[in-house]
Amino acid sequence: PHINKPRILCLHGEGCSAAIFRAQSRQLTMALAREFDFVFVDAPFPSTAGPGVLPVYEGPYYAWLNRPPQPTDMAVVRARIADMVALEGPFAGVMAFSQGGRLATSLLLQECRGMQRRRGRDTDQVPLVFGVLLSSTYPPLGYGDEAAEEQQRIDEDLDEDVDENGTHLMPKSFGPPSSLVTVPSVHVHGRRDPWRPANKQILTRCYDARTATLVEFVGGHHCPRAAADV
């Protein structure tokens, strides 16, 4: 176990990598370097380059879902995260960009359900106590019994045409308030981000408004870069 600064698990977006996300988020991580250590992990599935990656960053590129998604994807992802926790954990929080935000939300939902089950019990498990989502997309990965085909359809909708309100992304009922993420969370997106409606959907449908904070900056689908935004 690490006994120095709290560690943050960092999850990149689709068509990206740990090394690229480290570079993309350097303004933010440098500002917080005195308080936290940041651990970046590669997703398990090979991918083509994601939005805004070319021509600046060379591959290889990875994603948290296959295209088309496969029924075994989430088992592979869970194993990757479990390995990272065993090797580099414990983690105090998670920071994620774009598709990584969908996985981060799943981890936080799972964590909050686990907190409810562990309440009042003696346990040495170290929980995730906060999340930072940067331009997240929607919905959470592997939530409930959602079919792989539905995941692909939503991804394609986001790629091709995100309507202003994002209403076509919203399930009829995501779940009761008890299933919301209740640990503190920060949700960041650019005002010109084409996936901005998706970021708002994951915020309003999955996170408790009492503990979630929305931050907007002037920009598109990327991490905050200007000193004033960090």
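We did not get these values from a lab; they are worked out from the coordinates using the rules stated. Note that the structure is a prediction, hence the values are computed from the model and not measured. So basically every Cβ, Gly included, is an ideal-geometry build from the backbone, and we count neighbours across all protein chains shown.
Sequentially through region 77-87, phi angles give Karplus couplings (6.51, -1.76, 1.60; θ = phi - 60°) of 5, 4, 5, 4, 5, 4, 4, 5, 5, 5, 7 Hz, Gly and Pro residues having no value and appearing as x.
Residues in region 54-62 carry Karplus couplings, in order, of 8, x, 6, 10, 7, x, x, 10, 9 Hz; the curve used is 6.51 cos²θ - 1.76 cosθ + 1.60 with θ = phi - 60°, and Gly or Pro positions show x. Fewest neighbouring Cβ atoms within 10 Å first, the residues Thr72, Thr182 line up as Thr72, Thr182.
Distant-in-sequence amide contacts of Leu214, defined by a placed amide H-H separation under 5 Å and a gap of 5 or more residues or a different chain, comprise His187.
Packing order of peptides 24-33, 81-90, highest average first: 24-33, 81-90 (average count of other Cβ atoms within 10 Å over each peptide's residues).
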